[in-house]
1. What longest range of the chain stays clear of loop-exposed GluC sites (Glu not before Pro) (DSSP non-H/G/I/E/B, at most 13 other C-beta within 10 angstrom)?
2. Over what distance in Å are the Cα centres of the stretch 73-147 and the stretch 1-66 separated?
3. Where only protein heavy atoms count, and the probe is 1.4 Å, what is the accessible area per residue for the stretch 1-81 in Å²?
4. Please give the length that would be gained between S178 and T102 if that part of the chain were fully extended, namely 0.36 nm times their separation in residues minus their C-alpha to C-alpha distance (nm, one decimal).
5. Please provide three numbers in whole Å: the alpha-carbon extents of the stretch 6-150 along the principal axes, with the largest listed first.
6. Would you calculate the separation in nanometres between label points at E74 and R22, each defined as 7 Å from the Cα along the Cα-to-beta-carbon direction?
7. In whole Hz and in residue order, list the ³J(HN,Hα) couplings for the stretch 4-14 that follow from phi through the Karplus curve 6.51 cos²θ - 1.76 cosθ + 1.60, θ = phi - 60°; x for Gly and Pro.
8. Kindly write out, for the stretch 108-117 in residue order, the coupling ³J(HN,Hα) from the Karplus curve 6.51 cos²θ - 1.76 cosθ + 1.60 (θ = phi - 60°), rounded to whole Hz, with x marking Gly and Pro.
Amino acid sequence: ENLDVARRAVIFGLEQLRPSDRFNVLMMKTHPERLARNLMPASREHVLEAVSFVNSASASGGTDLYNSFMNALEQFRLRKRPCLIIFAGHGRGTVGITAPETIIDDVRRRNKVRARIFTLAVGQRADMAVLSKLSATNGGSCIHFSERDTFPVTVGRLYARIATPVVSNLSLDFQDVSVEGIFPDPIPDLS
């Protein structure tokens, strides 16, 4: 059931792509699997190929969360346009490097192009702490989808945050005030 929700969320996102967009799809499995070697133009043919790839996903094996995010970051070579990673799943690494703090720290450190990470945490057992922190430390946001939520509303909220931030790259300046900490850090976009 959770795989079906994640699958539907990714397909919904694929349907939102514009012809000028470039994309790829990566399945987080025991060994991460990419649709294509590099980002592809969002042509009708490529989007249909991606939908077929997503529909072929099965819930077997483990989840290499660490290497999946590293593979996703490798897709971006230059920051000529906004770079986004959209994750849909439970967010629990079960294969390879599984320590949450290591995953979060390494993703943040290796995110040289400042790709914004948006997550849809799926299911009751979703690791909200990991997914929220991955999103927050990489300029995105996290939304939780559980069985009591309606799919169109929840997924629509996620993609609305991605498509139309009101203000992005916020910073605060405290002139003559000593500040010990800011939460959340970094400050997410306002949408």
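1. So the longest stretch without any such site is 2-146.
2. 15
3. Computed with neighbouring chains in place, this is 59 Å² per residue.
4. Extending this stretch completely gives an extra 24.3 nm.
5. Dimensions of the stretch 6-150 along the principal axes of its Cα atoms: 37, 34, 28 Å.
6. Label-label distance for E74 and R22, simple model: 1.7 nm.
7. Karplus values, whole Hz, x for Gly and Pro: 5, 5, 4, 4, 5, 5, 5, 5, 4, x, 4.
8. Per residue, the Karplus-derived 3J(HN,Hα) values read 4, 5, 8, 7, 5, 8, 6, 5, 8, 10 Hz.
The values are calculated or read from the model by the stated rules, or taken from the named source; none is laboratory data. Predicted model, so just to flag it, every value in this text is computed and none were measured. Here the Cβ is made from the backbone with ideal geometry for all residues, glycine too, and neighbour counts use every protein chain on show. In case anyone asks, the SASA skips ligands and DNA or RNA and just uses the protein heavy atoms, side chains included. Shrake-Rupley method; radii C 1.70, N 1.55, O 1.52, S 1.80 Å.
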